[in-house]
Amino acid sequence: MGARNLAILAIAVVLGIFAVVMANAWFSGVEERQERIAEEQELSRIVVATQPLEFGSALTPENLRMQNFPAGSVPVGAFNSLEQAMQGGRVALRPIVPGEPILADKVSGAGGRAVLSTLLPDGMRAVSIPVTAVSGVSGFVRPGDIVDILLTRQIPGLGATAQDQMVDIIMEGVQVLAIDQVATQAEGAESPQVGSTAVVQVDQFGAQKLVLANRVGQLSLALRNVENQEPGPMLTVTSRDLGDPSIYLAGRQTPPPAESRPAPQIVYAPAPVAAPAQAAQPAAPPRPTGPSMSVIRGTDSTDYPVGRLGGL
(Lines give C-alpha, C1' and ligand atoms only; values in the text may rest on other atoms or scores of the structure.)
Protein backbone atom coordinates (compact mmCIF):
# COMPACT_ATOMS: atom_id res chain seq x y z
CA MET A 1 0.00 0.00 0.00
CA GLY A 2 2.86 2.39 0.88
CA ALA A 3 4.67 1.68 -2.38
CA ARG A 4 1.49 2.40 -4.34
CA ASN A 5 1.01 5.77 -2.65
CA LEU A 6 4.59 6.70 -3.31
CA ALA A 7 4.18 5.80 -6.96
CA ILE A 8 1.02 7.93 -7.26
CA LEU A 9 2.78 10.83 -5.54
CA ALA A 10 5.76 10.55 -7.87
CA ILE A 11 3.49 10.53 -10.91
CA ALA A 12 1.63 13.63 -9.62
CA VAL A 13 4.92 15.47 -9.07
CA VAL A 14 6.11 14.61 -12.56
CA LEU A 15 2.81 15.71 -14.10
CA GLY A 16 2.96 18.96 -12.12
CA ILE A 17 6.46 19.72 -13.29
CA PHE A 18 5.47 18.88 -16.85
CA ALA A 19 2.46 21.25 -16.61
CA VAL A 20 4.65 24.07 -15.31
CA VAL A 21 7.19 23.54 -18.07
CA MET A 22 4.48 23.48 -20.71
CA ALA A 23 2.84 26.64 -19.32
CA ASN A 24 6.17 28.47 -19.27
CA ALA A 25 6.90 27.30 -22.77
CA TRP A 26 3.49 28.46 -23.96
CA PHE A 27 3.81 31.89 -22.38
CA SER A 28 7.34 32.20 -23.67
CA GLY A 29 6.14 31.22 -27.09
CA VAL A 30 3.40 33.86 -26.98
CA GLU A 31 5.89 36.51 -25.96
CA GLU A 32 8.32 35.43 -28.67
CA ARG A 33 5.56 35.49 -31.27
CA GLN A 34 4.54 38.99 -30.23
CA GLU A 35 8.15 40.16 -30.43
CA ARG A 36 8.52 38.53 -33.83
CA ILE A 37 5.31 40.19 -35.06
CA ALA A 38 6.56 43.52 -33.74
CA GLU A 39 9.82 43.16 -35.64
CA GLU A 40 8.09 42.13 -38.85
CA GLN A 41 5.56 44.98 -38.73
CA GLU A 42 8.00 47.55 -37.36
CA LEU A 43 6.20 47.76 -34.03
CA SER A 44 7.59 48.66 -30.64
CA ARG A 45 6.83 46.98 -27.34
CA ILE A 46 5.80 49.43 -24.62
CA VAL A 47 4.27 49.13 -21.15
CA VAL A 48 0.54 49.81 -20.77
CA ALA A 49 -1.88 49.57 -17.85
CA THR A 50 -4.17 46.57 -17.46
CA GLN A 51 -6.48 48.18 -14.86
CA PRO A 52 -7.37 51.70 -13.67
CA LEU A 53 -4.57 53.37 -11.74
CA GLU A 54 -5.36 56.23 -9.36
CA PHE A 55 -3.03 58.77 -7.82
CA GLY A 56 -0.48 56.94 -5.66
CA SER A 57 -1.14 53.44 -7.10
CA ALA A 58 2.03 51.35 -7.20
CA LEU A 59 3.12 49.86 -10.55
CA THR A 60 3.16 46.07 -10.29
CA PRO A 61 3.23 43.12 -12.72
CA GLU A 62 -0.49 42.64 -12.00
CA ASN A 63 -1.52 46.05 -13.39
CA LEU A 64 1.03 46.31 -16.24
CA ARG A 65 1.66 44.44 -19.48
CA MET A 66 3.60 44.78 -22.72
CA GLN A 67 1.76 45.80 -25.89
CA ASN A 68 2.71 46.32 -29.51
CA PHE A 69 2.68 49.92 -30.66
CA PRO A 70 3.52 51.51 -34.03
CA ALA A 71 7.20 52.36 -33.93
CA GLY A 72 6.63 55.78 -35.43
CA SER A 73 3.93 56.70 -32.91
CA VAL A 74 5.48 55.72 -29.59
CA PRO A 75 4.70 58.46 -27.04
CA VAL A 76 7.58 60.33 -25.48
CA GLY A 77 8.48 58.86 -22.11
CA ALA A 78 7.13 55.35 -22.76
CA PHE A 79 8.81 52.39 -21.04
CA ASN A 80 10.10 49.44 -23.09
CA SER A 81 10.08 46.84 -20.32
CA LEU A 82 8.18 46.02 -17.15
CA GLU A 83 11.38 46.16 -15.12
CA GLN A 84 12.09 49.68 -16.33
CA ALA A 85 8.56 50.86 -15.53
CA MET A 86 8.61 49.39 -12.00
CA GLN A 87 12.20 50.38 -11.20
CA GLY A 88 12.53 51.91 -7.75
CA GLY A 89 8.88 51.38 -6.81
CA ARG A 90 7.22 53.92 -9.08
CA VAL A 91 3.66 55.06 -8.43
CA ALA A 92 1.05 56.77 -10.60
CA LEU A 93 0.86 60.55 -10.30
CA ARG A 94 -2.22 60.94 -12.51
CA PRO A 95 -5.21 58.70 -13.21
CA ILE A 96 -4.37 56.10 -15.88
CA VAL A 97 -7.03 54.06 -17.70
CA PRO A 98 -6.63 50.44 -18.90
CA GLY A 99 -4.69 50.19 -22.15
CA GLU A 100 -3.09 53.62 -21.70
CA PRO A 101 0.71 53.74 -22.13
CA ILE A 102 2.70 54.28 -18.95
CA LEU A 103 4.66 57.48 -19.47
CA ALA A 104 7.47 58.95 -17.39
CA ASP A 105 5.59 62.18 -16.70
CA LYS A 106 2.62 60.25 -15.30
CA VAL A 107 4.58 58.24 -12.73
CA SER A 108 7.02 59.10 -9.99
CA GLY A 109 10.74 58.68 -10.18
CA ALA A 110 12.73 55.99 -8.45
CA GLY A 111 11.66 55.76 -4.82
CA GLY A 112 7.96 56.15 -5.47
CA ARG A 113 7.46 59.55 -3.85
CA ALA A 114 3.83 60.38 -4.60
CA VAL A 115 4.10 64.05 -3.65
CA LEU A 116 2.12 66.93 -5.09
CA SER A 117 5.26 68.76 -6.18
CA THR A 118 5.83 66.18 -8.90
CA LEU A 119 2.54 67.24 -10.51
CA LEU A 120 3.53 70.89 -10.94
CA PRO A 121 4.86 72.05 -14.33
CA ASP A 122 7.97 74.20 -14.42
CA GLY A 123 7.37 77.68 -13.03
CA MET A 124 4.04 76.84 -11.41
CA ARG A 125 3.10 76.87 -7.73
CA ALA A 126 0.47 75.12 -5.60
CA VAL A 127 -1.41 77.43 -3.22
CA SER A 128 -4.22 76.53 -0.82
CA ILE A 129 -7.17 78.84 -0.21
CA PRO A 130 -10.04 78.43 2.27
CA VAL A 131 -13.43 77.42 0.87
CA THR A 132 -16.84 76.68 2.34
CA ALA A 133 -19.99 75.02 1.08
CA VAL A 134 -20.96 78.38 -0.44
CA SER A 135 -17.63 79.62 -1.79
CA GLY A 136 -16.70 76.11 -2.99
CA VAL A 137 -19.85 75.62 -5.16
CA SER A 138 -21.42 73.22 -2.64
CA GLY A 139 -18.73 70.60 -3.09
CA PHE A 140 -19.06 70.29 -6.88
CA VAL A 141 -15.52 71.62 -7.40
CA ARG A 142 -13.25 68.58 -7.72
CA PRO A 143 -9.57 67.95 -8.49
CA GLY A 144 -8.90 68.69 -12.15
CA ASP A 145 -11.71 71.25 -12.54
CA ILE A 146 -11.15 74.76 -13.92
CA VAL A 147 -12.41 77.70 -11.85
CA ASP A 148 -12.35 81.48 -11.66
CA ILE A 149 -11.36 83.01 -8.31
CA LEU A 150 -13.42 85.94 -7.00
CA LEU A 151 -12.51 88.39 -4.24
CA THR A 152 -15.19 90.16 -2.16
CA ARG A 153 -14.01 93.16 -0.15
CA GLN A 154 -15.13 96.56 1.14
CA ILE A 155 -14.98 99.53 -1.21
CA PRO A 156 -12.06 101.72 -0.08
CA GLY A 157 -12.21 105.49 0.39
CA LEU A 158 -13.76 108.06 2.68
CA GLY A 159 -17.47 107.71 3.32
CA ALA A 160 -17.60 104.00 2.45
CA THR A 161 -19.58 101.90 4.91
CA ALA A 162 -19.56 98.19 5.69
CA GLN A 163 -22.45 97.75 3.24
CA ASP A 164 -20.39 99.17 0.37
CA GLN A 165 -18.93 95.97 -1.06
CA MET A 166 -17.21 95.13 -4.35
CA VAL A 167 -16.44 91.84 -6.13
CA ASP A 168 -13.57 91.34 -8.59
CA ILE A 169 -12.44 88.32 -10.60
CA ILE A 170 -8.77 88.29 -9.74
CA MET A 171 -7.84 85.09 -11.64
CA GLU A 172 -9.40 83.15 -14.52
CA GLY A 173 -9.00 79.58 -15.74
CA VAL A 174 -7.24 78.22 -12.65
CA GLN A 175 -6.83 74.46 -12.31
CA VAL A 176 -7.78 72.80 -9.02
CA LEU A 177 -5.17 70.26 -7.93
CA ALA A 178 -6.80 68.99 -4.75
CA ILE A 179 -9.68 69.50 -2.33
CA ASP A 180 -8.42 69.14 1.23
CA GLN A 181 -5.93 66.25 0.87
CA VAL A 182 -7.69 64.48 -1.99
CA ALA A 183 -5.76 64.92 -5.24
CA THR A 184 -7.91 62.64 -7.38
CA GLN A 185 -11.53 61.59 -7.64
CA ALA A 186 -12.28 57.95 -6.93
CA GLU A 187 -14.00 56.02 -9.67
CA GLY A 188 -17.78 56.09 -9.31
CA ALA A 189 -17.77 58.91 -6.74
CA GLU A 190 -20.48 61.18 -8.07
CA SER A 191 -21.81 62.83 -4.92
CA PRO A 192 -20.35 66.28 -4.09
CA GLN A 193 -17.76 66.43 -1.32
CA VAL A 194 -17.58 69.71 0.61
CA GLY A 195 -14.02 70.58 1.61
CA SER A 196 -12.45 73.35 3.66
CA THR A 197 -9.35 73.95 1.53
CA ALA A 198 -8.78 74.06 -2.23
CA VAL A 199 -5.29 73.65 -3.69
CA VAL A 200 -4.93 75.50 -7.00
CA GLN A 201 -2.15 75.72 -9.58
CA VAL A 202 -0.89 79.23 -10.33
CA ASP A 203 2.33 80.98 -11.27
CA GLN A 204 4.48 82.84 -8.76
CA PHE A 205 2.70 86.19 -9.19
CA GLY A 206 -0.67 84.46 -8.89
CA ALA A 207 0.45 82.81 -5.65
CA GLN A 208 1.32 86.22 -4.20
CA LYS A 209 -2.05 87.63 -5.26
CA LEU A 210 -3.97 84.80 -3.63
CA VAL A 211 -2.09 85.05 -0.33
CA LEU A 212 -2.73 88.80 -0.16
CA ALA A 213 -6.36 88.50 -1.32
CA ASN A 214 -7.04 85.99 1.43
CA ARG A 215 -6.01 88.65 3.95
CA VAL A 216 -8.03 91.57 2.58
CA GLY A 217 -11.32 89.86 1.73
CA GLN A 218 -13.24 86.66 1.11
CA LEU A 219 -12.31 84.32 -1.75
CA SER A 220 -14.86 82.33 -3.71
CA LEU A 221 -14.66 79.83 -6.59
CA ALA A 222 -16.75 79.97 -9.76
CA LEU A 223 -16.85 76.65 -11.60
CA ARG A 224 -16.56 77.01 -15.38
CA ASN A 225 -16.75 74.79 -18.45
CA VAL A 226 -13.40 73.10 -18.92
CA GLU A 227 -13.77 73.35 -22.70
CA ASN A 228 -14.51 77.10 -22.66
CA GLN A 229 -11.39 79.06 -21.75
CA GLU A 230 -12.43 82.37 -23.33
CA PRO A 231 -11.57 85.28 -21.00
CA GLY A 232 -14.46 87.21 -19.51
CA PRO A 233 -14.99 90.99 -19.26
CA MET A 234 -13.40 91.12 -15.76
CA LEU A 235 -15.93 93.69 -14.51
CA THR A 236 -16.08 94.99 -10.96
CA VAL A 237 -19.51 94.55 -9.35
CA THR A 238 -20.45 96.77 -6.41
CA SER A 239 -23.37 96.86 -4.01
CA ARG A 240 -24.94 99.62 -6.12
CA ASP A 241 -25.31 97.14 -9.00
CA LEU A 242 -27.77 95.11 -6.95
CA GLY A 243 -30.67 97.46 -7.71
CA ASP A 244 -30.82 99.67 -4.58
CA PRO A 245 -33.41 102.46 -5.24
CA SER A 246 -31.05 105.03 -3.75
CA ILE A 247 -28.81 104.77 -6.78
CA TYR A 248 -31.37 106.72 -8.83
CA LEU A 249 -30.24 109.88 -7.07
CA ALA A 250 -26.64 109.07 -7.96
CA GLY A 251 -27.50 108.75 -11.65
CA ARG A 252 -26.36 105.14 -11.89
CA GLN A 253 -29.63 103.99 -13.48
CA THR A 254 -32.39 105.58 -15.58
CA PRO A 255 -35.24 106.94 -13.37
CA PRO A 256 -38.72 105.45 -13.89
CA PRO A 257 -41.04 107.21 -16.35
CA ALA A 258 -42.93 110.28 -15.13
CA GLU A 259 -46.33 108.59 -15.18
CA SER A 260 -45.12 105.92 -12.74
CA ARG A 261 -43.69 108.36 -10.23
CA PRO A 262 -45.74 109.17 -7.10
CA ALA A 263 -47.33 112.63 -6.99
CA PRO A 264 -45.19 115.04 -5.00
CA GLN A 265 -46.52 115.88 -1.59
CA ILE A 266 -46.11 119.65 -1.06
CA VAL A 267 -46.88 120.93 2.38
CA TYR A 268 -46.82 124.67 3.17
CA ALA A 269 -46.55 126.22 6.60
CA PRO A 270 -49.39 128.62 7.62
CA ALA A 271 -48.67 132.30 7.14
CA PRO A 272 -47.69 134.12 10.34
CA VAL A 273 -50.32 136.42 11.94
CA ALA A 274 -49.21 139.93 12.81
CA ALA A 275 -49.45 141.02 16.44
CA PRO A 276 -52.38 143.42 17.07
CA ALA A 277 -50.25 146.01 18.93
CA GLN A 278 -47.87 146.45 16.01
CA ALA A 279 -48.31 147.92 12.59
CA ALA A 280 -49.40 145.50 9.95
CA GLN A 281 -46.46 143.77 8.25
CA PRO A 282 -46.59 142.07 4.87
CA ALA A 283 -47.06 138.32 5.24
CA ALA A 284 -43.93 136.26 4.58
CA PRO A 285 -44.13 133.83 1.70
CA PRO A 286 -45.02 130.29 2.76
CA ARG A 287 -42.03 127.92 3.25
CA PRO A 288 -42.23 124.23 2.40
CA THR A 289 -41.70 121.73 5.18
CA GLY A 290 -40.38 118.96 2.94
CA PRO A 291 -37.22 118.86 0.76
CA SER A 292 -36.68 122.22 -0.94
CA MET A 293 -34.35 124.00 -3.35
CA SER A 294 -33.26 127.64 -2.97
CA VAL A 295 -32.94 129.82 -6.10
CA ILE A 296 -31.10 133.12 -5.65
CA ARG A 297 -31.79 135.92 -8.10
CA GLY A 298 -29.59 138.85 -7.30
CA THR A 299 -30.24 139.49 -3.60
CA ASP A 300 -33.58 137.69 -3.48
CA SER A 301 -33.81 134.03 -2.46
CA THR A 302 -36.83 131.89 -3.26
CA ASP A 303 -37.44 128.34 -1.88
CA TYR A 304 -39.19 125.78 -4.02
CA PRO A 305 -40.45 122.37 -2.73
CA VAL A 306 -38.81 119.33 -4.30
CA GLY A 307 -40.38 115.88 -4.55
CA ARG A 308 -38.50 112.70 -3.49
CA LEU A 309 -37.57 111.86 -7.09
CA GLY A 310 -36.60 115.35 -8.13
CA GLY A 311 -40.02 116.65 -9.37
CA LEU A 312 -41.36 120.08 -8.42
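Of the residues Asp145, Asp168, which single one is charged (D, E, K, R), within 19 Å of Pro95 (Cβ to Cβ) and touching a Leu at 6+ places or on another chain (Cβ under 7 Å)? From the options Asp145, Asp168, the qualifying one is Asp145.
Among the residues of region 129-164, the ones that are open to solvent by 60 Å² or more (accessible area, probe 1.4 Å), closer than 12 Å to Gly195 by Cβ and part of a strand (DSSP E or B) come to 1 in all.
So for region 81-91 (the condition being charged (D, E, K, R), out of contact with any Lys or Arg (no Cβ under 6 Å at 6 or more places or on another chain) and under 24 Å from Val182 (Cα atoms)), does at least one residue qualify? Checking region 81-91: at least one residue is charged (D, E, K, R), out of contact with any Lys or Arg (no Cβ under 6 Å at 6 or more places or on another chain) and under 24 Å from Val182 (Cα atoms).
Scanning region 61-85 for residues that are modelled with pLDDT of 85 or more, part of a helix (DSSP H, G or I) and either open to solvent by less than 50 Å² (accessible area, probe 1.4 Å) or under 11 Å from Ile46 (Cβ atoms) (or both) yields Leu82, Gln84, Ala85.
The values are calculated or read from the model by the stated rules, or taken from the named source; none is laboratory data. If you're wondering where the values come from, they're calculated on a predicted model, not measured in any experiment. Every residue, glycine as well, gets a Cβ built from its backbone with ideal geometry; the counts of neighbours run over all protein chains shown. In case anyone asks, the SASA skips ligands and DNA or RNA and just uses the protein heavy atoms, side chains included. Shrake-Rupley method; radii C 1.70, N 1.55, O 1.52, S 1.80 Å.
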